[in-house]
Amino acid sequence: MSKHDRTKSGGFLDTLFTRSAKRGHRNNYSANGTRPVSTNENDNIDMQDIEILVLRLTVEEVNQRFLEILEDMNIPKDKRDPLMRKNLDEKRDMLRMHLKGKAQSEHRSNSRFEKPRDYIDYLKEADRSPTKIYQCVESLRVALTSNPISWIKEFGEAGIDEIVNLLRESKRRREYEKIEYECIRCLKAVVNNTWGLNVILRPDQHAAVLLLAQCLDPNKPQTMCEAVKLLAGFCLIQERNGYDKVLRAVTNAAATPDKSGERFKTIVEALFVEHEMEEKGHRKTETKGELCYHTLIFINTLTNTPTDLNFRLHLRCEMMRSGLYDRLELLAKIVQQAQDQRLENHFKIFNSFREEDFEEFSSRFDHVRLEIDDVNDCFELLKNLVVDTSAEPYFLSILQHMLFIRDDHVYRPAYYKLIEECVSQIVLHKSGVDPNFKSRDFHIDTSVLLDDLVERNKAMETKRVEEYEKKLEELQMARQEAEAEAAHLKEKLKEIEATGVVVKTNKLPQITIPPPPLMPGMTRPLGSGSAPVGNAPPPPPMPGMMGAPRPPPMPGAGPPPPPMPGMGPMPPPMMPGGMMPPPAPKLPEPLPHGLKPKKKWDVDGPMKRANWKAIIPHKMSEKSFWVRVHEDKLASDDILTGLASKFSSKPVKRIAEKDLPDRPTTTKKSVVDLRVLDGKAAQNLSILLGGSLKHLSYDQIKVYLLRCDMSMLNASILQQLIQYLPPPDQLKKLQELKASGEELSGAEKFAATIADVKRLGARLQSLSFRLNFPDLVSDVKPDIVSATAACEEMKTSRKFAKILELILLLGNYMNTGSKNEAAFGFEISFLPKLTNTKDFENKQTLLHYIAEVVEAKFPECLTFYEDLSHVDKASRVSLDNIQKTMRQMNASLKNLESDLNNNKIPQSPDDKFIEVMGKFSTECRQQVEVLGRMQVQMENLYKDLAEYYAFDQNKYTLEEFFTDIKTFKDAFVQAHQDNLKIRENEEKARRARESREQQQKDLQERNQRKLALVDIDAAQTQEGVMDSLLEALQTGSAFGNRDQRRKRGARPTGADRRAQLSRSRSRTGITAASFSSREMLANELLAA
């Protein structure tokens, strides 16, 4: 062959074996502008040349060309290797078949103008008639369907843009209706491979998606049917956010002025348009039920694709409001009459997904049954007003949204009040006219409304609780007063029964205040209530010492006389050398009150200790709480095992604790009585007279003092008079100077004037006591009531006693092997220290574990603090302050009674001291006596409480005791809340973990299903992608596991799948005769 022939042959082979390169823009159209002129010089190529060219190829060239064929036909790698292992003759035969098919395709394309660039240039011309454009677009659709992927890639994004522009133009021109339909079919051919899908579903929103959404017009059934197919297929491409882009496009398409704003209205109408046309007597539409079928698929895709339940419910409710709710029964009738198994399956999918979502939603409300039929009269009336009207679906949607209100007793009423406020603003619109229903926006003044409502509810609840607590305190106070009065009357009754004489006593009950403890080496003085010194027995010997031994008998003397009655045995004889024999081993003292030794626990490994101070059994009285405790009955394996696992310890180096610095002693400023000179005293009195008393004359002030008129003499004025009043000798001297007529200053004259009142200082003290008495009572009485009630609660609370038993059990178990093991009780001061013992992870304390055990084993004891309602107030009660105030009132009352006795004769007609202060003295005595008896009762109760819990009331004051109880109570509540929060966080983490696992599982299943359909990120371009997606939608396999439970059939694979694709392509109107060689080659390759 000549060089020219080889060159020509090489160019021809390059043309056949390689992908077409893009050509420059050429003006190769005919004069009439309908078809381009053929300019290819290889139009009349001889097919016999192919045989010669194939035979001349070397082995390497055959393998290279054969590999290019496999890549062009998108043969998978797993099937490519067996084909490459075929012998050389088989490869040459396949090359011949491929070249013949490609040559025929080239000849056909050259004769019918179907080069990609030719179509692009032709569509760019603006002066084409609709008929010519339609013919070109129809031919383009055939070319896009029949040519390989390389042809579509050559058509490129420029060609897609031309289709999109033409589709946009068809929205404005009615005569372009058929062109619009063909454009959508062209787009379907473009996206039937992964390359086209990636172009349309690029990161930014492609105009094609919005134009397809705008094609959802029920008046154009064929066009809408094709658009719905593509949009439903796009929704399945999650890697490119296909669902979000489709939903956004549907929303934007409905936002145009010519639409109602309801984005799903046209979609819902498409379900019934074919049925309505048949009902009106029109002939059957060209779609023949296909529009209803594919629209229902699109609805299922939109409502079932999201993973969030709330969003699915929202979309379904919106779909119902768009007209589907009113015609749901009609849709069921259409499905039944259609007798189409495909339509019935998707209607079942629609109903089953709706029911399953509702069941999932209902399962969120634990222990709540949604009884929709049980309604009140108002709801019945409202339902009757909206039923069978267009308002009914909106009413139903409102009820469904109200189910999402959070389950909280504080916020739920606030939510309903907020809803009521919004409804009132909408219904009772401030403009006086109806709102703008065309707009989706409605401005409601809800600023800080929700917070205000919550705060208002809390304030109302707090106020109500305070009122109840106040009433309870008053009842408690009245009860204690009545008990104290009843005790007093019983004592009087006993005296009357014993003597027969009623003894009048004005003396207050003697309140014994214990003397301070003696210092070492001191003796209590006589008359102090202790036994006489002479009768005191000698002190016992110190521990470890014995009495002095008797001297040895004289030589010749008899044995020593026997001991006197009542005396102990004789000491043993001395050992040689004058030494005493060793003492006999001391026997263990028997336990008092019938106590039995505590059980010793077997503990595996070291544990942290409960650092309490154990109570010695012999210090317990028979009435003590610890005597009746049987904490071992509370023991169980899980409690002790959990304790051992949480509070095990490992040997660690002891770190010497630094001594805490002593608290700095605060030195109280000593209040020194002012030794005021005459000048200073005059200045103080002048200040007083120029202040509160500046409107009164000296004589008027004197009259107020005589009348005991408290309208002008308040507590402050009386206190200043008492403080600044000169001593009696100075007052007497001032009276003498005034009587002699000498001129005095204002302060001296005032002092001389009021000095005429006899026993002025005592009178001022009594008047001041009268004014301050209610405050003194209000300071003391509530404290006595609170402390008394708290002491009673501490002895009667069974829940608190059970918790103490549990603490004793756990502490003895932890202290096994230590000096504090097998304790019978512990001091109450240990309770606040429970938080100091941390578990081995240093995350929780022993108190947290106790709260956990109480909740699990003794849940009735969780609210033990409700039995101790007065502990908080009792923790602020100081017994010293109560005793001091009572002494002050007793002393002031005694001085008042003395003044009354000394002022029986009035000093002047204005003197009302006996009349006013006598009545007050009687009432004051009654109240002070009652308070005294209440104080005695409180102290006796605390003494009994000290005996009950075995502690020294002198060392462990009432305030310290109840402060420790309050601290323990508050810490227990906080520990329980911490446990609940930890469990809540663990439950949230568990649910989140399960949710993530389920999501990952669902994602893997979806990915597997999608990989079976389409691998959008594959390195090689896949064909038949959109066909696969639409098939998955039609069979229902695209909707996940719930559909798989219905045992759907297996997806066709292999030759069956290719046969379906072949049948799908044959429906496009392409004649397969001219492509027999290509189809034969494909079948042979796949069969191999």
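Values in this text are rule-based calculations from the coordinates and carry no lab data. Since we're looking at a predicted model, the values are computed, not measured. When we count neighbours, we look across all protein chains shown, and the Cβ atoms used for this are built from the backbone with ideal geometry, even at glycine.
Here are some notes:
- Charge tally for Glu792 (other residues, Cβ to Cβ under 13 Å; Lys, Arg +1; Asp, Glu -1): -2.
- R0 of 51 Å, Cβ-Cβ distance Lys838-Arg168: FRET efficiency to nearest 0.05: 0.10
- Take 730-737, 1030-1037 and order them by the average number of nearby Cβ atoms within 10 Å per residue, most first; the result is 1030-1037, 730-737.
- Normalised per residue, the volume of the convex hull around the Cα set of the range 114-200 (Å³): 77 Å³
- The gain in end-to-end length when the Asn351 to Glu466 segment is fully stretched comes to 35.9 nm, 0.36 nm per residue minus the alpha carbon separation.
- Inter-label distance for Leu591 and Asp880, nm, one decimal - labels placed 7 Å from Cα along Cα-to-Cβ: 3.9 nm
- The range 396-413 and the range 939-955 have Cα centres separated by 54 Å.
- Label positions at Leu385 and Glu61, each projected 7 Å from the Cα along the C-beta direction, are separated by 9.0 nm.
- The Cβ shell under 14 Å around Ser390 holds other residues with a net charge of -1, Lys and Arg each +1, Asp and Glu each -1.
- Packing-based exposure ordering (other Cβ within 10 Å, fewest first) of Ile496, Ile828: Ile496, Ile828
- Peptide packing: for 719-725, 195-201, the average count of neighbouring Cβ atoms within 10 Å per residue gives the ranking 195-201, 719-725, highest mean first.
- Calculated FRET efficiency for the pair Ser778/Lys732, C-beta based, R₀ 45 Å, to 0.05: 0.70
- Modelled FRET efficiency - R0 35 Å, Ala482 with Asp632, Cβ distances, 0.05 increments: 0.25
- Length added when fully stretched, Gln205-Asp910, from 0.36 nm per residue minus Cα-Cα: 243.5 nm
- Using a cut-off of 22 Å between Cα atoms, the listed pairs Lys417/Lys463; Lys608/Lys819; Lys600/Lys969; Lys288/Lys333; Lys492/Lys943 include Lys600/Lys969; Lys492/Lys943 as exceeding that distance.
- Length added when fully stretched, Lys86-Glu986, from 0.36 nm per residue minus Cα-Cα: 317.8 nm
- Projecting label points 7 angstrom from Cα along Cα→Cβ for Gln700 and Ser869 puts them 5.2 nm apart.
- In the structure shown, the pairs Lys100/Lys188; Lys646/Lys857; Lys458/Lys857 are assessed against 23 Å; a Cα-Cα span above that value is assigned to Lys100/Lys188; Lys458/Lys857.
- Look at Asp49, Asp638 and count the other Cβ atoms within 10 Å of each Cβ; fewest to most, that gives Asp638, Asp49.
- Counting every other Cβ atom within 10 Å of each residue's Cβ, Arg887, Arg770 order from fewest to most as Arg887, Arg770.
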